[in-house]
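Novice: Dumping the structure here so I can ask a few things about it.
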Amino acid sequence: QVQLVESGGGLVQAGGSLRLSCAASGSIVSINNMGWYRQAPGKQRELVATVTSGGTTTYGDSVKGRFTISRENAQNTVSLQMNSLKPEDTAVYYCTALLKTYSGSLSWYRYWGQGTQVTVSS
């Protein structure tokens, strides 16, 4: 019963900033990586940013230099600082985590949050 809960979405004007947060809870043994994907209406879900347990980050080309992903002081929490927002950043942002649970399985499984809406107005 792992859950990923996103927060921080909302409405902002172009050029503004938002900070998203995602907290993973449940019977978690370990987390390989966590990150964010987004999906706009009529478009395919795309990578925004990821961070590994060791701190290595990856960014989608469209957000490089504007967004920053980081691990919070809580072990199972990740944040996404979004600056210089553009109307094309408007989408539902989904938190994801690759993790293991206390289920007896040695496999990694990917979990997804319900998503949080980010709307950037011009």
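Novice: May I ask you to list the residues in region 51-82 that are β-branched (V, I, T) and without any contact (Cβ under 8 Å) to a residue 40 or more places away in the chain?
Specialist: Within region 51-82, V51, T52, T56, T57, T58, V63, T68, I69 qualify.
Novice: Next up: If you go through region 71-102, how many residues are over 19 Å from N33 (Cβ atoms) and open to solvent by 70 Å² or more (accessible area, probe 1.4 Å)?
Specialist: Residues flagged as over 19 Å from N33 (Cβ atoms) and open to solvent by 70 Å² or more (accessible area, probe 1.4 Å) within region 71-102 amount to 3.
Novice: On to the next question. Take the residues of region 1-17 that are part of a loop (DSSP other than H, G, I, E, B) and at pLDDT 95 or above: which is least open to solvent (accessible area, probe 1.4 Å)?
Specialist: G16
Novice: Only one of K100, K86, K43 is more than 10 Å from the chain's Cα centre (by Cα) and modelled with pLDDT under 95. Can you tell me which?
Specialist: K100
Novice: Which of the residues belonging to region 47-60 are among the hydrophobic types (A, V, I, L, M, F, W, C) and open to solvent by 50 Å² or more (accessible area, probe 1.4 Å)?
Specialist: Once the filter is applied, which keeps residues that are among the hydrophobic types (A, V, I, L, M, F, W, C) and open to solvent by 50 Å² or more (accessible area, probe 1.4 Å), region 47-60 yields only L47.
Novice: For region 18-43, which residues satisfy the criterion of being farther than 19 Å from Y111 by Cβ and open to solvent by less than 60 Å² (accessible area, probe 1.4 Å)?
Specialist: L18, A40
Novice: Here is a follow-up. Just checking, does region 54-73 include any residue being modelled with pLDDT under 95 and under 18 Å from G113 (Cβ atoms)?
Specialist: yes
Novice: Now, a different point. Would you confirm, using the coordinates I've provided, whether V63 is under 25 Å from A14 (Cβ atoms), among the aliphatic types (A, V, I, L, M) and either open to solvent by 70 Å² or more (accessible area, probe 1.4 Å) or part of a loop (DSSP other than H, G, I, E, B) (or both)?
Specialist: Spelling it out, V63 is indeed under 25 Å from A14 (Cβ atoms), among the aliphatic types (A, V, I, L, M) and either open to solvent by 70 Å² or more (accessible area, probe 1.4 Å) or part of a loop (DSSP other than H, G, I, E, B) (or both).
Novice: Right, next: Starting from residues that are of a type in the set (A, V, I, L, M) and either in contact with a Pro (Cβ under 8 Å, 6 or more places away or on another chain) or not in a strand (DSSP E or B) (or both), keep the ones in region 103-122 and report whichever is least open to solvent (accessible area, probe 1.4 Å).
Specialist: Among them, the one singled out is V120.
The values are calculated or read from the model by the stated rules, or taken from the named source; none is laboratory data. Worth saying up front: this structure is predicted, and the values here are computed from it rather than measured. With ideal geometry, Cβ positions are generated from the backbone for all residues, glycine too; neighbour counts draw on all protein chains shown. When the accessible area is computed, the model is the full protein with side chains, heavy atoms only, and any ligands, DNA or RNA have been set aside. Shrake-Rupley method; radii C 1.70, N 1.55, O 1.52, S 1.80 Å.
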